[in-house]
Structure formats: structure tokens, C-alpha cells
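Engineer: Here you go, one structure.
The values are calculated or read from the model by the stated rules, or taken from the named source; none is laboratory data. Keep in mind it's a predicted model, so treat the numbers as computed, not measured. Cβ coordinates were reconstructed from backbone atoms using ideal geometry, including for glycine residues, and neighbour counts include every protein chain displayed.
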Amino acid sequence: MPSAKNLNVSLPKTAMALAWGDAWTNMIQPFYALPALAIAGLKAKDIMGYELVIMLITDVFMSAVFLFL
């Protein structure tokens, strides 16, 4: 946040970008999926490709949102 102040960038936008960046990396292997995987008898590698696709799609969308916000 001090860097955002020094660059005269909107603090709410900076906070949202930081929060989204943290949440975005959790999409690679979401913690909430672990119990569902155990119940279904799957391993994390079985859903990794799907998670990667979802992560990349949301990356494009959210990058556009932050660019034009």
C-alpha cells in the first residue's frame, strides 16, 4: 500500500488487485476441492487440467476488468 501511495494509484483498486492476485493462485489447486476429491476417489492430478483452464479464463476476464476499472 505504501507503494500505491507513492505511485498515486487508487488504494481501493490496489487492495482489490492484491486480494484477487492471492485468490487467483488458489485456483490452481483449491483447498475446498480436497474433501470432494476424497469422496469421489479422485486425485488432485485428475482435476488439475480443468482448474488450469478455469484459472486462465478468469485471468483474462479479471485483467480486462482491472485494466478498464
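Engineer: Among residues belonging to segment 18-69 that are loosely packed, with under 13 Cβ neighbours inside 10 Å and among the acidic types (Asp, Glu), point out the one that is farthest from Met1 (Cα to Cα).
Structural biologist: Only one residue tops the list, namely Asp46.
Engineer: Within segment 1-49, can you find the residues that are farther than 22 Å from Leu67 by Cβ and in contact (Cβ under 8 Å) with a residue 24 or more places away in the chain?
Structural biologist: Ile28
Engineer: Could you name every one of the helices (runs of 4 or more DSSP H) located completely within the chain that has at least 2 residues being at pLDDT 85 or above and within 16 Å of the chain's Cα centre (by Cα)?
Structural biologist: The qualifying helices (runs of 4 or more DSSP H) are 11-26, 44-68.
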